[in-house]
Every structure is written in C-alpha cells, then in structure tokens.
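Have a look at the structure below before the remarks.
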Amino acid sequence: MRVIKYSQTENADKSTIKLTFKSLSQLLDEEDPSPYPHKEITEVAEDAIASHLEDIPLKRDAELIIALPTAVLNRKIQRSLGQTIREHFGYQASELTLELKRKRLGLRRGLELIGVNVSITIIVALGIRLIPGSDKILTDVVQFFLAGVLTILNWVAIWDTYETYILDYQTLAKKIKVYEKIAHMSVRMEHS
C-alpha cells in the first residue's frame, strides 16, 4: 500500500504540512542514478506534496516537513533532501512554463482559426444571398448542408479555444505558481 500520511497545522505566521513516507523509495525514484540533490522524486510524492500545498493561499508562508523512517534518514539525506525536493519542483515549474507558452501559442492560433471560420461563414452566407439566381444553383438541401458544416466548424474552433484557455491554461498557470512556491519554501526532515 502506498499511503502517505498527511497532517497540517496552522498558526498566525504560516501553515505547516507534514507528509510521512513509509520508505525512501516512496519519496525518491529508485531508478534515478543521479547524486543528491539532483535525484528525482516519485510522481506519487510529487502529487502528494503539490496537492496538499495548493490548498494553502499562495501568499501565505508555508513549511514542508518530510518524515521518514529512522533507519533511512541518515545525515547525508537529512542535509540534501530538502534541496532535492526544491530542485525537483523548480525544474518541473520551468517545464510547465514551457508548456504554458505552447498553450498560449495554441490559444493564439485558435483565435485566428475562429476569425477565419467566421469570415468564411459570412462570405458564404452573403454569397448565397447576393448572387443572382443562387437559389436555383444551390438547392435548399445544399444550403442547409453548407450552413450545418460551417456551424460545426465554428463550434469546434470556439470550443477548442475555450477549453484551452479556461480549462488547461488556467489550471496550468496555477500549478506553476504552486510548484514555484514549493521550490522556494522551507523543507525539513523528521524521523517517523
């Protein structure tokens, strides 16, 4: 079982999050050959740390306490584990920032696509109505089909842009702020 025990205490100055891990391998990636403090933490640990800290207001001071079994918490680990966690979240924040830039580019392209789709829709609609004899050329079924296709194209372009901005972009921007906060916060080790 991969349960990570969690507790939180509040005082006037800061919030303190304590996470108790059953083993060092639950916190650090066993397959990462990098030396301390450049080791990667596990996805489970990353999710646990980030999810508990995202509920704390970003401007409020916070401290993270990592509790590990006494048998694995030697001096080397005690000295370097805080830096390992901060480095990991700093690196992840920079990677997420690059992803956010890609999303911003996608948002710009989505808005351009909406503009093109709306322009085509207007041109086709005006063309159908303004060209003399277009009623004879384009039957009601063809006009209905064109209107349906253009409506679907516009809906898809608008929804995709909306989803990118509202759902993905905003969530990613908040996650970056949380990761940056973790990258600069106090991290202490304790025996469990």
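Going residue by residue through region 58-81, is there one that turns out to be within 17 Å of LYS174 (Cα to Cα), part of a loop (DSSP other than H, G, I, E, B) and under 18 Å from the mean Cα position of the chain (by Cα)?
Yes: one or more hits.
Looking for something in contact with a His (Cβ under 7 Å, 6 or more places away or on another chain), assigned by TED's automatic domain parsing to the domain that holds GLN83 and under 20 Å from VAL178 (Cβ atoms) - is there at least one such residue anywhere in region 24-41?
Checked against the condition, which is being in contact with a His (Cβ under 7 Å, 6 or more places away or on another chain), assigned by TED's automatic domain parsing to the domain that holds GLN83 and under 20 Å from VAL178 (Cβ atoms), region 24-41 yields at least one hit.
Restricting the search to region 72-99, which residues are over 16 Å from LEU24 (Cβ atoms) and either surrounded by 15 or more Cβ atoms within 10 Å (Cβ to Cβ) or of a type outside the set (A, V, I, L, M, F, W, C) (or both)?
Passing the criteria: ARG86, GLU87, PHE89, GLY90, TYR91, GLN92, ALA93, SER94, GLU95, LEU96, THR97, GLU99.
Considering only residues that are closer than 30 Å to LYS103 by Cβ and either over 31 Å from the mean Cα position of the chain (by Cα) or without any contact (Cβ under 8 Å) to a residue 40 or more places away in the chain (or both), which ones fall in region 142-160? Before the answer, list the steps.
First, the residues of region 142-160 that are closer than 30 Å to LYS103 by Cβ: 149-160.
Matches in region 142-160: VAL149, LEU150, THR151, ILE152, LEU153, TRP155, VAL156, TRP159.
State whether the residues of region 128-149 include one that is at pLDDT 85 or above and assigned to a helix (DSSP H, G or I).
Residues of region 128-149 that are at pLDDT 85 or above, as a first pass: none.
No, the conditions are met nowhere in region 128-149.
Output the residues belonging to region 150-188 that are within 24 Å of ILE122 (Cα to Cα), polar (S, T, N, Q) and crowded, with 16+ Cβ neighbours inside 10 Å.
Restricting attention to region 150-188, the residues satisfying the condition of being within 24 Å of ILE122 (Cα to Cα) are 150-162.
Still in the list and also polar (S, T, N, Q): 151, 154, 161.
Scanning region 150-188 gives ASN154, THR161.
The values are calculated or read from the model by the stated rules, or taken from the named source; none is laboratory data. None of these values were measured; they are calculated from a predicted model. All Cβ positions, glycine included, derive from the backbone under ideal geometry; neighbour counts span all protein chains shown.
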